[in-house]
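First comes the structure, then the notes that go with it.
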Amino acid sequence: MVSALFKKHCAVCHVPDDIGRAVGPSLANLSDRSTRALTESILNPNRAVDPQCRNYVLLTSESRIITGAISEKLGDTVTVLQTDGRRLSVSRVDIESMRDTGLSVTPEGFQSQLDPQRLVDVIEFLRSSANR
């Protein structure tokens, strides 16, 4: 049940072991798995944002808005890693603007998707996954 909660709510972006996609940082190497640290990270994902996990907003010349983490800036293209795990490459000539929001790709208010007991269950799952 708990791993199903993790798969539904967290594995969209995080990989704790072999579950999920790596949009956000891998959780396999968490150094602090205390209940307090995990709770703070979930409730306030913008407190400490890894530069590789910052959310960018790109506006294309066709008025298309693309959001996600920048995974590559190579040559004439910028590749955006979207929260659904898809990678989207955009030609630099098609980008009207690109803005670093300074925020995590984790959506604010994410914790409202889980009732308090399920949040506790996910935290306990993360704490115990270090022992696997």
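What trypsin sites (Lys or Arg not before Pro) in the stretch 64-114 are in a loop by DSSP, with at most 16 other Cβ atoms within 10 Å of the Cβ? Loop-located and lightly packed - 64, 86. Its Cα gyration tensor gives the stretch 50-132 an equivalent ellipsoid. The semi-axes, each the square root of 5 times an eigenvalue, are 33, 15, 10 Å from largest down. Averaged per residue, the chain has 60 square angstrom of accessible surface, using a 1.4 angstrom probe with ligands and nucleic acids left out.
Summing Cβ point charges (Lys, Arg +1; Asp, Glu -1) relative to the Cα centre of the chain gives a dipole of roughly 180 debye. Among the GluC sites (Glu not before Pro) within the stretch 33-132, those in coil by DSSP and having at most 10 neighbouring Cβ atoms inside 10 Å are 62. Measuring nothing but protein heavy atoms, the accessible surface of the stretch 86-132 at 1.4 Å probe radius is 46 percent carbon and sulfur.
Separation of the stretch 20-89 and the stretch 90-127, taken as the distance between their Cα centroids, equals 7 angstrom.
The values are calculated or read from the model by the stated rules, or taken from the named source; none is laboratory data. Computed from a prediction, not measured in an experiment: that's the story for all the values here. So basically every Cβ, Gly included, is an ideal-geometry build from the backbone, and we count neighbours across all protein chains shown. Side chains are part of the model used for accessible areas, which takes the heavy atoms of the whole protein and leaves out ligands, DNA and RNA. Shrake-Rupley method; radii C 1.70, N 1.55, O 1.52, S 1.80 Å.
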